[in-house]
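Computed from the coordinates by the stated procedures, all read-outs in this text should not be read as laboratory data. All values reported here derive from a predicted model rather than from experimental measurement. Quick reminder, even Gly has a Cβ in these numbers, built from the backbone with ideal geometry, and neighbours come from all protein chains shown.
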Amino acid sequence: MMNRDREQIEFDVLFVGGGPANLAGAIHLMKLAKNRGLDLEVALVEKGADIGSHALSGAVLNPIALKELMTNYREAGCPIETDVRGDEFYFLTKSRRYTVPFVPRYMHNKGFHIISLSKFVSWLATLAEDLGVNIFPGFAGKEVLYDQDDRTVIGVRTGDKGVGKDGIPKANFEPGIDILAKVTVFGEGARGSLLQAISKKLPIFEGKMPQVFETGIKEVIQLPETNYFSNSRGNDIHTFGYPLGLNTHGGGFIYEMKDHRISLGLIVGLSYQDPMLDLYEEFIRFKRHPFVAELIKGGRVIEQGARTIVTGGYYNMPKLAVDGGLFVGSSASMLNAPALKGIHTSMKSGMLAAEAIVEAFSRGSFTRETLNHYHQLFEDSWLKKELYIGRNFAQAVSKKGLVKFLHVGAQYLTGGRGIFDKMPMKEDAKRLRPLKDVRLQCTTTHKKQAYDGVLYVDKLTGVYLSKTQHREDQPGHLIVHDQRLCVNECFETYRCPCTRFCPGNVYELEIDDKSQERRLRLNPSNCLHCKTCDIKDPYGNITWTCPEGGDGPRYTVV
Ligand code: SF4
């Protein structure tokens, strides 16, 4: 007989998500609790097969929060690829590069560390485990559990395993577990699905601006032994301009890693308006720019991935506490957008949450009022100062043409206030313009790029290089609510932009030769968990849900 009873496990504190915010929070919590003589049972669940499997980031690490967490992080084995020895900042035209005469102060990275986020969080997890945190990779938090009052968070239910495509449990069925805790900390990363669910029940975004995002596609490339960085002044390169132009915000980055590897990526603001924009094609176009192509010549892509980044910052942070729960890291918009950095801000948010949790245990109270001490700690911290300076930045860079520079320049000179404060933000999904309106104004050429399968790989090879895996026979984790809307209205108005904004080639438009009938075909097993579709679909017709725990990318070095 199949056992479908749900097991219940109880902890004092549960961290949902194995990113830098939660891991730094868990480590800090264990240290603080020990100092206070508190004996806490702490758990952390992560949907990736291993800690680090789903971690993808730039990644230049400002070590400010890490130093607060432990002064001896180098001796403790922190996996640093290289230190930043200099910054290079270029404006790219189609065929040339121009050095930007000054690098904005918040992008001065000299002395910071270039890391693989995947390796970094995996290292943090070992430290957390050594301090007694129970870490469960391969368990996706599928549902938030509430107390009888229907508003106090009491934990999460992890997803069932072994359910067939038809929704019927198979012989290997394992029911999800109810993990209960006095305090649950949500650090799921950008566009967390549990955060979305909570926001439908509790007014955590009341009075806030909509969260806005960028999507980054990134690769690790193995270069020949003699390469650009053998003689370069800087090893932290940022670009803007080509291929996105000035009407779509975003830019490229290239960071030197160890062993002649680089981390290279293109970030595209999801406020873009042109429905024909293909994020992956833009990424390849960036790589084919003469400057970048020369830099990566002779290289080989060894890993690829994609992820959305939350960029709105201070004005779209959710309320940080609910009864029994706290929000940290990218889930809570804790990213310093002007500095293009979110690891140190995420870590600090987790650490502040840990301080509030210890206080709550000392008082024996886990209400929103008590846990909201986290908000006060945030307000008094350097984290608030950083985020406050960038409070209008995402709005400014989403402006078109030179207007964006006017706003960014004014903000630079006025500590973030700019021409006017609290610039409004619009949901990314609402920014796409109908095809007929943008045809004449397109800044991109939409010409398909050529691939060589080694240095320039197509989407499917990119998926292969992300080592993404999903069990095929499971209910689809991508919910397209109305397929007719896709192939009729969305096709007519936007030509199905999901087929272009998805970097995993998950959505394909098929047209029957004879009947000319259109059909949207889904390949969920290619999904990179970037969540762009959940954010950018103009009709809100796609919902990303968590597949079976352990599925998805298996990043190891990006
Ligand atoms: Fe990203 Fe959605 Fe495509 Fe998955 S299906 S790779 S979440 S855009």
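Scalar couplings 3J(HN,Hα) for region 161-169, obtained by applying the Karplus form with A = 6.51, B = -1.76, C = 1.60 to θ = phi - 60°, are 10, x, 8, x, 3, 7, x, 9, x Hz; x denotes Gly and Pro. Whole-Hz Karplus values for region 232-239 come out as 7, 6, x, 10, 9, 10, 10, 9 Hz, taken residue by residue from phi with 6.51 cos²θ - 1.76 cosθ + 1.60 and θ = phi - 60°; glycine and proline positions read x.
With a cap of 14 neighbouring Cβ atoms within 10 Å, and only residues DSSP puts in a loop, list the trypsin sites (Lys or Arg not before Pro) found in region 43-119. All intermediate terms of the calculation are to be shown ahead of the outcome.
Working: sites: Lys47, Lys67, Arg74, Arg85, Lys94, Arg96, Arg97, Arg105, Lys110, Lys119; in loops: Lys47, Arg74, Arg85, Lys94, Arg96, Lys110.
Passing sites in region 43-119 are Arg74, Lys94, Arg96, Lys110.
Remark: relative contact order (region 472-524) = 32 percent; criterion is Cα-Cα distance under 8 angstrom and separation of 6 or more residues. Helices that extend 27 Å or more along their long axis by alpha-carbon positions and average at least -1.0 on the Kyte-Doolittle scale are, among the DSSP H runs of the chain, 343-363.
Annotation: amide H of Asn134 within the under-5 Å range of Val42, Ala43, Leu44, sequence separation 5 or more or interchain, hydrogens built in the peptide plane.
Pairs to check: Lys119/Lys161; Lys119/Lys287; Lys258/Lys422. Give those whose C-alpha atoms are more than 31 Å from each other in this structure. Over 31 Å Cα-Cα: Lys258/Lys422. Computed over the chain, the per-residue total of -39500 (n - 2.57) for DSSP H runs of n ≥ 4 gives a 222 nm mean residue ellipticity of -7000 deg cm²/dmol, rounded to 500.
Free of any GluC sites (Glu not before Pro) that DSSP assigns to a loop and that have at most 11 other C-beta atoms within 10 Å, the longest stretch within the chain is 226-471. Spatial offset of region 140-181 relative to region 229-291 amounts to 40 Å, using the alpha carbon center of each. Annotation: aspartates and glutamates with alpha-carbon distance below 12 angstrom to Lys341 (same-chain offsets under eight excluded): Glu386. Within straight-line reach of Lys201, meaning a Cα separation under 20 Å, sit the following lysines at least 8 residues removed in sequence or on another chain: Lys142, Lys182, Lys319.
Of the beta bridges in the chain, as assigned by DSSP with both residues counted there, near 70 percent are antiparallel. Going by a ≥ b ≥ c, the root eigenvalues of the Cα gyration tensor, does region 89-234 fall in the rounded group (a/c under 1.5), the prolate group (a/b larger than b/c) or the oblate group? The shape class here is prolate. Reported to the nearest whole Å, the Cα centre-to-centre distance from region 46-83 to region 302-344 is 16.
With contacts taken as Cα pairs under 8 Å and at least 6 residues apart, the chain reaches a relative contact order of 20 percent. Derived scalar couplings between HN and Hα for region 530-544 equal 7, 6, 4, 5, 5, 8, 9, 4, x, 9, x, 8, 10, 10, 8 Hz in order, rounded to whole Hz, by the Karplus curve 6.51 cos²θ - 1.76 cosθ + 1.60 (θ = phi - 60°), x for Gly and Pro. For Glu88, nonlocal amide neighbours, meaning residues 5 or more places apart or on other chains whose placed amide H falls under 5 Å from its own, are Asp236, Ile237, His238.
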